[in-house]
Amino acid sequence: MSTTELPAGHAELMDGVYRWQRHIYDLTRKYYLLGRDRLIEGLDVPAGGTVLELGCGTGRNIILAARRYPEARFFGLDISSEMLETASAAIARQGLSAHVKLAKGDATDFDARALFGLASFDRIFVSYSLSMIPGWEKTVSTALDALSPEGSLHIVDFGQQEGLPRWSRSLLRGWLRKFHVEPRANLREVLDSQSQRSGATFRFRTLYRGYAWLAVLGSRRD
(Lines give C-alpha, C1' and ligand atoms only; values in the text may rest on other atoms or scores of the structure.)
Protein backbone atom coordinates (compact mmCIF):
# COMPACT_ATOMS: atom_id res chain seq x y z
CA MET A 1 0.00 0.00 0.00
CA SER A 2 1.48 3.32 -1.02
CA THR A 3 1.37 6.62 0.82
CA THR A 4 1.68 10.27 -0.14
CA GLU A 5 1.82 13.49 1.81
CA LEU A 6 -1.65 13.87 3.31
CA PRO A 7 -3.43 16.64 5.21
CA ALA A 8 -2.91 15.10 8.64
CA GLY A 9 -5.93 16.76 10.23
CA HIS A 10 -8.47 15.32 7.82
CA ALA A 11 -6.81 11.90 7.73
CA GLU A 12 -6.89 11.74 11.53
CA LEU A 13 -10.50 12.95 11.58
CA MET A 14 -11.60 10.21 9.18
CA ASP A 15 -9.69 7.57 11.11
CA GLY A 16 -11.39 8.75 14.30
CA VAL A 17 -14.87 8.74 12.75
CA TYR A 18 -14.50 5.28 11.22
CA ARG A 19 -12.24 3.45 13.67
CA TRP A 20 -15.31 1.66 15.03
CA GLN A 21 -17.93 2.64 12.45
CA ARG A 22 -16.10 0.71 9.73
CA HIS A 23 -17.17 -2.57 11.35
CA ILE A 24 -20.88 -1.80 10.84
CA TYR A 25 -20.60 0.69 7.99
CA ASP A 26 -21.92 -1.45 5.15
CA LEU A 27 -24.74 -2.89 7.24
CA THR A 28 -26.07 0.55 8.23
CA ARG A 29 -25.30 2.63 5.14
CA LYS A 30 -27.15 0.41 2.69
CA TYR A 31 -30.39 2.02 3.88
CA TYR A 32 -29.47 5.58 2.95
CA LEU A 33 -26.53 5.60 0.51
CA LEU A 34 -28.90 5.22 -2.41
CA GLY A 35 -27.89 5.00 -6.06
CA ARG A 36 -24.52 3.30 -5.58
CA ASP A 37 -25.50 0.16 -7.46
CA ARG A 38 -26.96 2.22 -10.28
CA LEU A 39 -23.62 3.99 -10.61
CA ILE A 40 -21.77 0.67 -10.80
CA GLU A 41 -24.17 -0.66 -13.44
CA GLY A 42 -23.55 2.44 -15.52
CA LEU A 43 -19.76 2.22 -15.51
CA ASP A 44 -19.80 0.08 -18.67
CA VAL A 45 -16.11 -0.72 -18.27
CA PRO A 46 -14.37 -1.83 -21.49
CA ALA A 47 -12.69 -5.24 -21.51
CA GLY A 48 -9.28 -4.93 -19.94
CA GLY A 49 -10.11 -1.45 -18.72
CA THR A 50 -8.82 0.33 -15.64
CA VAL A 51 -11.11 1.67 -12.91
CA LEU A 52 -10.25 3.95 -9.99
CA GLU A 53 -12.52 4.61 -7.01
CA LEU A 54 -11.80 7.76 -5.03
CA GLY A 55 -12.84 7.39 -1.40
CA CYS A 56 -13.11 3.60 -1.60
CA GLY A 57 -13.97 3.22 2.11
CA THR A 58 -14.72 -0.35 3.17
CA GLY A 59 -14.29 -1.68 -0.37
CA ARG A 60 -17.98 -2.44 -0.79
CA ASN A 61 -18.34 -0.68 -4.14
CA ILE A 62 -15.05 -1.77 -5.63
CA ILE A 63 -15.82 -5.41 -4.80
CA LEU A 64 -19.20 -5.25 -6.51
CA ALA A 65 -17.69 -3.49 -9.52
CA ALA A 66 -14.85 -6.03 -9.76
CA ARG A 67 -17.39 -8.85 -9.78
CA ARG A 68 -19.45 -7.16 -12.47
CA TYR A 69 -16.47 -6.37 -14.69
CA PRO A 70 -14.08 -9.31 -14.10
CA GLU A 71 -11.78 -8.44 -17.00
CA ALA A 72 -11.01 -4.97 -15.67
CA ARG A 73 -8.31 -3.86 -13.23
CA PHE A 74 -9.40 -1.91 -10.16
CA PHE A 75 -7.71 0.63 -7.95
CA GLY A 76 -8.95 2.24 -4.76
CA LEU A 77 -7.81 5.40 -2.95
CA ASP A 78 -8.78 6.51 0.54
CA ILE A 79 -7.37 8.91 3.12
CA SER A 80 -8.32 6.71 6.09
CA SER A 81 -5.97 3.94 7.15
CA GLU A 82 -8.82 2.41 9.16
CA MET A 83 -11.07 2.13 6.13
CA LEU A 84 -8.27 0.76 3.98
CA GLU A 85 -7.62 -1.96 6.53
CA THR A 86 -11.24 -3.04 6.33
CA ALA A 87 -11.26 -2.80 2.52
CA SER A 88 -8.10 -4.85 2.15
CA ALA A 89 -9.49 -7.62 4.34
CA ALA A 90 -12.81 -7.66 2.50
CA ILE A 91 -11.10 -7.81 -0.90
CA ALA A 92 -8.92 -10.68 0.26
CA ARG A 93 -11.95 -12.62 1.54
CA GLN A 94 -13.52 -12.31 -1.89
CA GLY A 95 -10.39 -13.58 -3.61
CA LEU A 96 -9.92 -10.32 -5.48
CA SER A 97 -6.54 -9.19 -4.18
CA ALA A 98 -4.88 -9.91 -7.52
CA HIS A 99 -7.36 -7.63 -9.32
CA VAL A 100 -7.68 -4.72 -6.87
CA LYS A 101 -4.87 -2.47 -5.65
CA LEU A 102 -5.40 -0.02 -2.79
CA ALA A 103 -3.43 3.05 -1.78
CA LYS A 104 -3.64 5.71 0.89
CA GLY A 105 -3.94 9.19 -0.54
CA ASP A 106 -5.78 12.47 -0.74
CA ALA A 107 -8.49 12.51 -3.43
CA THR A 108 -7.93 16.23 -4.02
CA ASP A 109 -4.26 15.81 -4.92
CA PHE A 110 -2.92 12.41 -5.89
CA ASP A 111 -0.20 11.14 -8.18
CA ALA A 112 -1.71 8.15 -9.97
CA ARG A 113 1.59 7.05 -11.47
CA ALA A 114 3.37 7.09 -8.11
CA LEU A 115 0.52 5.29 -6.33
CA PHE A 116 -0.59 2.80 -8.97
CA GLY A 117 1.91 2.91 -11.82
CA LEU A 118 -0.70 4.35 -14.19
CA ALA A 119 -1.04 7.81 -15.65
CA SER A 120 -4.76 7.54 -16.47
CA PHE A 121 -7.89 5.42 -16.04
CA ASP A 122 -10.80 4.43 -18.27
CA ARG A 123 -13.30 4.96 -15.47
CA ILE A 124 -13.12 6.91 -12.21
CA PHE A 125 -15.98 6.91 -9.74
CA VAL A 126 -16.76 8.70 -6.50
CA SER A 127 -19.59 7.41 -4.32
CA TYR A 128 -20.80 9.54 -1.41
CA SER A 129 -17.34 10.96 -0.79
CA LEU A 130 -17.47 14.49 -2.20
CA SER A 131 -19.82 15.41 0.64
CA MET A 132 -17.02 14.53 3.09
CA ILE A 133 -13.96 15.96 1.38
CA PRO A 134 -12.72 19.49 2.20
CA GLY A 135 -11.95 21.23 -1.08
CA TRP A 136 -13.99 18.62 -2.91
CA GLU A 137 -14.03 20.70 -6.09
CA LYS A 138 -10.36 19.86 -6.58
CA THR A 139 -11.24 16.17 -6.42
CA VAL A 140 -13.38 16.66 -9.52
CA SER A 141 -10.69 18.52 -11.48
CA THR A 142 -7.96 16.07 -10.42
CA ALA A 143 -10.13 13.11 -11.44
CA LEU A 144 -10.89 14.61 -14.84
CA ASP A 145 -7.19 15.17 -15.43
CA ALA A 146 -6.55 11.48 -14.62
CA LEU A 147 -9.00 10.15 -17.22
CA SER A 148 -7.92 8.46 -20.41
CA PRO A 149 -9.05 10.23 -23.62
CA GLU A 150 -12.17 8.04 -23.87
CA GLY A 151 -12.70 7.79 -20.11
CA SER A 152 -15.54 8.95 -17.90
CA LEU A 153 -16.03 10.17 -14.34
CA HIS A 154 -19.06 8.85 -12.44
CA ILE A 155 -20.37 10.51 -9.27
CA VAL A 156 -23.22 9.75 -6.88
CA ASP A 157 -23.83 11.73 -3.72
CA PHE A 158 -26.47 13.36 -1.60
CA GLY A 159 -28.71 15.82 -3.40
CA GLN A 160 -30.60 18.63 -1.74
CA GLN A 161 -33.67 16.44 -1.08
CA GLU A 162 -35.65 19.06 -2.99
CA GLY A 163 -38.66 16.80 -3.49
CA LEU A 164 -38.86 15.55 0.10
CA PRO A 165 -40.75 17.02 3.09
CA ARG A 166 -38.90 19.62 5.14
CA TRP A 167 -38.94 17.47 8.28
CA SER A 168 -37.18 14.60 6.50
CA ARG A 169 -34.53 16.95 5.14
CA SER A 170 -33.88 18.29 8.64
CA LEU A 171 -33.57 14.81 10.12
CA LEU A 172 -31.19 13.68 7.41
CA ARG A 173 -28.99 16.78 7.66
CA GLY A 174 -28.77 16.40 11.44
CA TRP A 175 -27.75 12.77 11.13
CA LEU A 176 -25.16 13.48 8.44
CA ARG A 177 -23.51 16.22 10.47
CA LYS A 178 -22.61 13.62 13.10
CA PHE A 179 -20.29 12.08 10.50
CA HIS A 180 -18.95 15.36 9.07
CA VAL A 181 -21.02 14.96 5.92
CA GLU A 182 -22.32 18.04 4.09
CA PRO A 183 -24.40 17.63 0.90
CA ARG A 184 -22.95 19.95 -1.75
CA ALA A 185 -25.64 22.38 -2.86
CA ASN A 186 -23.58 23.58 -5.83
CA LEU A 187 -22.51 20.14 -7.00
CA ARG A 188 -24.30 20.38 -10.33
CA GLU A 189 -22.91 23.82 -11.10
CA VAL A 190 -19.36 22.80 -10.26
CA LEU A 191 -19.57 19.64 -12.37
CA ASP A 192 -21.00 21.57 -15.30
CA SER A 193 -18.21 24.13 -15.05
CA GLN A 194 -15.52 21.48 -14.76
CA SER A 195 -16.89 19.56 -17.73
CA GLN A 196 -16.71 22.71 -19.83
CA ARG A 197 -13.15 23.36 -18.67
CA SER A 198 -12.02 19.90 -19.70
CA GLY A 199 -14.18 19.63 -22.81
CA ALA A 200 -16.10 16.66 -21.40
CA THR A 201 -19.74 15.77 -21.92
CA PHE A 202 -21.99 16.11 -18.89
CA ARG A 203 -25.07 14.17 -17.81
CA PHE A 204 -26.91 14.76 -14.55
CA ARG A 205 -29.86 12.97 -12.94
CA THR A 206 -31.83 13.45 -9.75
CA LEU A 207 -32.82 10.25 -7.96
CA TYR A 208 -35.51 9.54 -5.38
CA ARG A 209 -37.05 13.03 -5.38
CA GLY A 210 -33.67 14.69 -5.07
CA TYR A 211 -32.40 12.48 -2.26
CA ALA A 212 -29.38 11.62 -4.43
CA TRP A 213 -27.72 13.12 -7.48
CA LEU A 214 -26.01 11.02 -10.16
CA ALA A 215 -23.63 12.53 -12.71
CA VAL A 216 -21.41 11.31 -15.53
CA LEU A 217 -18.70 13.42 -17.09
CA GLY A 218 -17.85 11.64 -20.30
CA SER A 219 -15.15 11.46 -22.91
CA ARG A 220 -13.80 14.73 -24.22
CA ARG A 221 -15.62 16.40 -27.08
CA ASP A 222 -13.83 16.89 -30.40
Value of relative contact order over region 81-199, rounded to a whole percent, pairs C-alpha under 8 Å and six or more apart: 23 percent
Over region 72-148, volume per residue of the alpha carbon convex hull, in Å³: 92 Å³
Packing-based order for 148-160, 75-87, 109-121, using average beta carbon neighbours within 10 Å, highest first: 75-87, 148-160, 109-121
What number comes out for accessible area per residue over region 141-193 if the probe is 1.4 Å? Units Å², please. 50 Å²
Between the alpha carbon centres of region 52-69 and region 162-222 the gap in Å comes to 20 Å
Nearest 0.05, what FRET efficiency do S120 and A89 give at R0 = 25 Å with Cβ-Cβ as r? 0.30
Environment charge at G163 (Cβ cut-off 12 Å; Lys +1, Arg +1, Asp -1, Glu -1): +2
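The values are calculated or read from the model by the stated rules, or taken from the named source; none is laboratory data. It should be emphasised that the depicted structure is a prediction, and the values quoted were computed from it without experimental measurement. Positions of Cβ are backbone-derived with ideal geometry, glycine not excepted, and every protein chain shown enters the neighbour counts. All accessible areas refer to the heavy atoms of the entire protein, side chains included, with ligands and DNA or RNA removed. Shrake-Rupley method; radii C 1.70, N 1.55, O 1.52, S 1.80 Å.
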